[in-house]
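What follows is a single structure, written as C-alpha cells, with notes after it.
The values are calculated or read from the model by the stated rules, or taken from the named source; none is laboratory data. Predicted model, so just to flag it, every value in this text is computed and none were measured. Every residue, glycine as well, gets a Cβ built from its backbone with ideal geometry; the counts of neighbours run over all protein chains shown. For the accessible areas, the whole protein counts, side chains as well, though only heavy atoms, and no ligand, DNA or RNA atoms are used. Shrake-Rupley method; radii C 1.70, N 1.55, O 1.52, S 1.80 Å.
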Amino acid sequence: PSLLAVNFADASPATVKEGDPAPMIEALNQDSKWVKLADFKGRPIVLFFYPKDDTPGCTKQACKLRDVYREFQKRKVAVFGVSRQSAASHAEFRTKHKLPYDLLVDEDGAIGSKFVIDQMPIVGFFKRQTVLIGADGKILRIFRDVDPETHDSMILETLASTDKP
C-alpha cells in the first residue's frame, strides 16, 4: 500500500517545473506520523531527496543542513528529507545524527515521482536532488545536481536572493 496521498489538481508529474504549484503531498515521517505539506502553506519548504540513510554522502548532506537549521528557522523554512527507506531506518538515522527536521518515508517512490526526481541506476535510490517550494506554494527552484558539501549554502543563497527589501 502506498504511504502517500497527493492532490493531483496541484501539479502534473510530467510538467512539474520551477514556477508550477507544488504537489501537496502527505507522507509518513520517521515516527510514522502524517506530515502534510499543505500545513506549511505560507512558509518556504525544502524537500531534499537523498539516496539512502546513513551513507557517507547522505550523512554529510543531512548534517550540513542540521548545522544551518537555525538559519532555516529564522526564515520560517520547513525542511524535510525524503528517501526510500522505512520509518524505522529514518528514525535511527535521525536520532544517530541529531537531525532536527522530519525525514519522510517514500518506500514506493511516489513522492519522488510527483516531483520528477531522478532515480539512480541502482533500483530504489533517488539521485540527490532538492525542491525548494516558495511560501506561495509554487516551486521556486529545483536543484538537479546536488553536492552534499555545498547543498546547504546553495539553498540559503537562493532563499536570500528571494528576500524582499
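Just checking, how many residues over segment 106-129 are hydroxyl-bearing (Ser, Thr, Tyr) and either at pLDDT 90 or above or surrounded by 22 or more Cβ atoms within 10 Å (Cβ to Cβ) (or both)? Break it down into steps so the answer makes sense when it comes.
Initially, segment 106-129 is screened for residues hydroxyl-bearing (Ser, Thr, Tyr), giving 113.
Those still in the list that are either at pLDDT 90 or above or surrounded by 22 or more Cβ atoms within 10 Å (Cβ to Cβ) (or both) too: none.
Summing the residues that are hydroxyl-bearing (Ser, Thr, Tyr) and either at pLDDT 90 or above or surrounded by 22 or more Cβ atoms within 10 Å (Cβ to Cβ) (or both) in segment 106-129 gives 0.
Just the residues that are of a type outside the set (Phe, Trp, Tyr), free of Cβ contacts under 8 Å to residues at least 40 places away in the same chain and closer than 22 Å to LYS76 by Cβ, please, taken from segment 91-107.
LYS98, LEU99, PRO100
Go through (1) of a type in the set (Val, Ile, Thr); (2) under 19 Å from LEU140 (Cα atoms); (3) surrounded by fewer than 23 Cβ atoms within 10 Å (Cβ to Cβ) for VAL35 and report which single condition fails.
Going through the list (1) of a type in the set (Val, Ile, Thr); (2) under 19 Å from LEU140 (Cα atoms); (3) surrounded by fewer than 23 Cβ atoms within 10 Å (Cβ to Cβ), VAL35 breaks only (2).
Cβ-Cβ under 9 Å, sequence separation 6+ or interchain: first residue in segment 108-121 and touching a residue at least 40 places away in the same chain (Cβ under 8 Å), partner in a helix (DSSP H, G or I). Which pairs?
Short answer, once both residue conditions are applied: SER113/PRO13; LYS114/PRO13; PHE115/PRO13; VAL116/PRO13; VAL116/ALA14; VAL116/THR15; ILE117/ILE111.
Looking at segment 81-100, can you tell me whether even one residue there is within 16 Å of THR130 (Cα to Cα) and surrounded by fewer than 17 Cβ atoms within 10 Å (Cβ to Cβ)?
Step one: filter segment 81-100 for residues within 16 Å of THR130 (Cα to Cα), giving 81-84.
When the remaining residues are screened for being surrounded by fewer than 17 Cβ atoms within 10 Å (Cβ to Cβ), the result is none.
Checked against the condition, which is being within 16 Å of THR130 (Cα to Cα) and surrounded by fewer than 17 Cβ atoms within 10 Å (Cβ to Cβ), segment 81-100 yields no hits at all.
Is it fair to say GLU157 is in contact (Cβ under 8 Å) with a residue 60 or more places away in the chain and acidic (Asp, Glu)? Explain how you work it out, then say what you get.
On the way: in contact (Cβ under 8 Å) with a residue 60 or more places away in the chain: no; acidic (Asp, Glu): yes.
So GLU157 does not fit the description; no.
Does LEU132 satisfy being part of a strand (DSSP E or B), open to solvent by 50 Å² or more (accessible area, probe 1.4 Å) and within 21 Å of MET24 (Cα to Cα)? Reasoning before the result, please.
Numbers: part of a strand (DSSP E or B): yes; open to solvent by 50 Å² or more (accessible area, probe 1.4 Å): no; within 21 Å of MET24 (Cα to Cα): yes.
Criteria not met by LEU132.
Give me the pairs, please: first residue somewhere in segment 61-73 and open to solvent by 40 Å² or more (accessible area, probe 1.4 Å), second residue anywhere and of a type in the set (D, E, K, R), beta-carbon distance under 7 Å, and either six or more positions apart or on two chains.
Here the result reads LYS64/ASP152; ARG66/LYS98, each pair linking segment 61-73 to a residue that is of a type in the set (D, E, K, R).
Considering only segment 89-112, how many residues are in a helix (DSSP H, G or I) and under 16 Å from PHE48 (Cβ atoms)?
Residues of segment 89-112 that are in a helix (DSSP H, G or I), as a first pass: 89-96, 110-112.
This time we only want the ones that are under 16 Å from PHE48 (Cβ atoms), so: 90, 93-94, 111-112.
The number of residues fulfilling the criteria is 5.
Exactly one condition in (1) open to solvent by 70 Å² or more (accessible area, probe 1.4 Å); (2) touching a helix residue (DSSP H, G or I) at 6+ places or on another chain (Cβ under 6 Å); (3) of a type outside the set (Val, Ile, Thr) is not met by HIS151; state its number.
Going through the list (1) open to solvent by 70 Å² or more (accessible area, probe 1.4 Å); (2) touching a helix residue (DSSP H, G or I) at 6+ places or on another chain (Cβ under 6 Å); (3) of a type outside the set (Val, Ile, Thr), HIS151 breaks only (1).
Find all pairs meeting these conditions: Cβ atoms under 9 angstrom apart; at least six residues apart or on different chains; first residue within segment 37-60 and over 23 Å from SER153 (Cβ atoms); second residue among the polar types (S, T, N, Q) and open to solvent by 50 Å² or more (accessible area, probe 1.4 Å).
From residues that are over 23 Å from SER153 (Cβ atoms), the pairs are ALA38/ASN7.
With open to solvent by 10 Å² or more (accessible area, probe 1.4 Å), within 26 Å of GLU149 (Cβ to Cβ) and at pLDDT 95 or above as the only criterion, which of PRO44, PRO56 stands out?
Working: PRO56 fails: at pLDDT 95 or above.
When all the criteria are applied, what remains is PRO44.
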